[in-house]
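Structure record follows, encoded as structure tokens.
The values are calculated or read from the model by the stated rules, or taken from the named source; none is laboratory data. All values reported here derive from a predicted model rather than from experimental measurement. Glycine gets a Cβ as well: all are built from the backbone with ideal geometry, and neighbour counts include every protein chain shown. Heads up: the accessible areas ignore ligands, DNA and RNA and are worked out on the full protein's heavy atoms, side chains in. Shrake-Rupley method; radii C 1.70, N 1.55, O 1.52, S 1.80 Å.
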Amino acid sequence: MPDPRALLDEAREHLRESHELLDRDREREAETVARASFETYRSAMNWAEAEFRDDLFDQAHRELDEAGAFVRRTFGCAVLFEQGSYWQTCPVALAHNRSGLSVRAVIRASECSVCRSDPEDCDHITGRMYGDQPCYRIITEAEIPEISLVPRPAQPDARITRVPVSHEQLEQRLGRPFAPGTPLNCDFCLSTCSGVVRPWG
Amino acid sequence: MAQKATPPRILVRPGLPGHASDRPGHQYPSTTTDIVKLLREAGATVEYELPRDERELVSLNAAPLVLPILLGIGTGTIGSLLANAIERLLGKDTAEKSQLHVRVERGRGNDPDVCEASGLGSDVLETLRAFDEGRDA
């Protein structure tokens, strides 16, 4: 399972590499590498939260905000306009909503990751190591009657990846003659962070 | 001559504590498989109430963990047995910090003693252990 500390280190390495590339005037590559840190930081927050590591969660959150501000100020950030709508797709903004996705699955068939037999027929227990092999259930056939938004998904990285931005809201904030399709900057990371949102408290 | 202790007998009943079931009377949470193995490892005799072809396993992938419904037959320690199995499955620290949904029953007939609990793991585990016969509530 991913280790939030290792994810933090990986994200920091992305930023370090970005700064090095900038020093060598390789701006486009620097931006790509810096943006790669966003998902890694977001994942660090997710796995720290799953492990109840508030200290690591807060650290990953703080560093994600700093990375976002660095990228916004250095390279600029545009809001995605696709198929007639604006979308918030940035992991920095999306990580601040702590909702996740949960699948309710009726398992029709599954196998043990260690011995490949039906888990009811073997002695292996989920989460244990057998030699160098971790034991988990591989679901090979399932019905999915429901997908829910939950505060703590069992798969910590199961998160929202895009949110629509309403034209009406944009018109109110930007005034006329705003027209859909106008290139827009995202300034989310230029403001002081007001914390994460936990819809369930 | 000391009498050999009788292993505890446990019946695994269908149901999803804390959740509605799409097929009442047939669905078991996906944690059932591991909990059954852990109970057997601890020396209990464990059976399912339903035959295999009538059982459905449901994976509820939110972090709050749904545990199988257990009926202890002739054993006063069903609460502790489940609490110990949960700790061995998750690790004590994670078990105490997780959200858990449990239900255990004791006795037979139409009016078994029931303990159903949902909430913080440390509280739920304590509640399970307090359900054991001879313990103060």
Report ³J(HN,Hα) in whole Hz for each residue of the range A:175-182, in order, from the Karplus equation J = 6.51 cos²θ - 1.76 cosθ + 1.60 where θ = phi - 60°; Gly and Pro get x.
-> x, 7, x, 4, 10, x, x, 4
Compactness of the range A:46-112 - radius of gyration and Dmax, Cα, Å | 17.2, 51
Provide the percentage of antiparallel DSSP beta bridges, counting only those with both residues in the protein assembly as shown; round to the nearest 5.
-> 75
So, with points 7 Å from each Cα along the Cβ direction, the residue A:130-residue B:123 label distance in nm works out to 3.8
Tell me, what ³J(HN,Hα) does each residue in the range A:11-18 have, in order and in whole Hz, if you take phi through Karplus 6.51 cos²θ - 1.76 cosθ + 1.60 with θ = phi - 60° and put x for Gly and Pro?
-> 5, 5, 5, 4, 5, 4, 5, 4
To the nearest 100 Å², how much accessible surface do chains B and A cover up together, summed over both, with a 1.4 Å probe?
-> 2100
About the Cα centre, charge dipole magnitude for the range A:99-174 (Lys/Arg +1, Asp/Glu -1 at Cβ), debye | 360
Sorted largest first, extent of the range A:1-127 alpha carbons per principal axis (Å) = 59, 38, 28
Kirkwood-based Rg/Rh on the Cα set of the protein assembly as shown evaluates to 1.08
On the accessible surface of the range A:82-165, probed at 1.4 Å, how many percent belong to carbon and sulfur atoms?
-> 50
Based solely on C-alpha atoms, express the radius of gyration and the Dmax of the range B:23-137 in angstrom.
-> 13.5, 41
Can you tell me the dipole magnitude for the protein assembly as shown around its Cα centre, using point charges on the Cβ only (Lys, Arg +1; Asp, Glu -1), in Debye to the nearest 20?
-> 320
Any residue on another chain or 5+ positions along whose placed amide H is under 5 Å from the amide H of residue A:101 is listed here as A:150, A:158, A:159
With a probe of 1.4 Å, find how much accessible area chain A has per residue, and write the answer as a whole number in Å².
-> 58
Karplus-derived 3J(HN,Hα) from phi for the range B:78-84 (6.51 cos²θ - 1.76 cosθ + 1.60, θ = phi - 60°), whole Hz, x at Gly and Pro, runs 4, x, 5, 4, 5, 4, 5
Mind listing the long-range amide H neighbours of residue A:79? Cut-off is under 5 Å, sequence gap 5 or more, other chains count too, H placed in the peptide plane at 1.01 Å from N.
-> A:184, A:185, A:186
Cα gyration tensor of the range A:78-121 diagonalised, 5x eigenvalues square-rooted, in angstrom largest first, produces semi-axes 40, 13, 11
For the range A:64-201, just list the percent of Cα-Cα distances falling in each 10 Å bin from zero outward, please.
-> 10, 25, 26, 18, 15, 6, 1
So how compact is the range B:28-94: Cα radius of gyration and Dmax in angstrom?
-> 12.2, 36
Sum -39500 (n - 2.57) across every DSSP H segment of at least 4 residues in the protein assembly as shown, then divide by the residue count to get the 222 nm mean residue ellipticity, nearest 500.
-> -11000 deg cm²/dmol
Enter the per residue convex hull volume of the range B:86-132, computed from alpha-carbon coordinates, in Å³ rounded to the nearest integer.
-> 71
Dipole of the range B:43-115, Cα-centred, from +1 at each Lys and Arg C-beta and -1 at each Asp and Glu C-beta, to the nearest 20 debye?
-> 200
Relative intensity, log₁₀ I(q)/I(0), of the range A:139-201 from a Debye sum that treats every alpha carbon as a point, q = 0.15 Å⁻¹ = -0.80
